[in-house]
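**Q** Below is one structure. I have some questions about it.
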Amino acid sequence: MNARGITEIVVLSAGLGAGLINAGAFTVLVMMALVTTMMTLPLLRLLGPSVREPSATAQLPTGDEYASGDARTRLP
């Protein structure tokens with residue numbers, strides 16, 4: 001679970017304990033937090049560029065360049 005989902009559940013638990021929300025609202029909001037958290041990675045993989053593609057990482061310095069002190073990004 002990402003930090004957003006955990007934070008939301010902690011805040012919801014505090015709200016339930018303080019009587020700010022009822023059990024029904026707590027249940028719905030926790031389910032929403034879980035569903036949106038579980039949807040995040042598949043949607044990012046579907047919609048975002050893949051870092052596994054060579055074109056996405058071609059401009060990044062390599063480990064050898066870091067070791068030699070020449071870690072400037074290669075620009076076209």
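A short reminder: the numbers here are calculations on the coordinates, not readings from a lab. As the structure is a computational prediction, the values presented were derived from the model and not from experiment. All Cβ positions, glycine included, derive from the backbone under ideal geometry; neighbour counts span all protein chains shown.
**Q** Summing +1 for each Lys or Arg and -1 for each Asp or Glu, what net charge is found among the other residues whose Cβ lies under 15 Å from the Cβ of M39?
**A** On the way: positive: R4, R45; negative: E8.
For residues surrounding M39, the net value is +1.
**Q** If you don't mind, there's one more thing I want to ask. Using label points projected 7 Å from each Cα along Cα→Cβ, tell me how many nm separate L20 and T40, to one decimal.
**A** 2.1 nm
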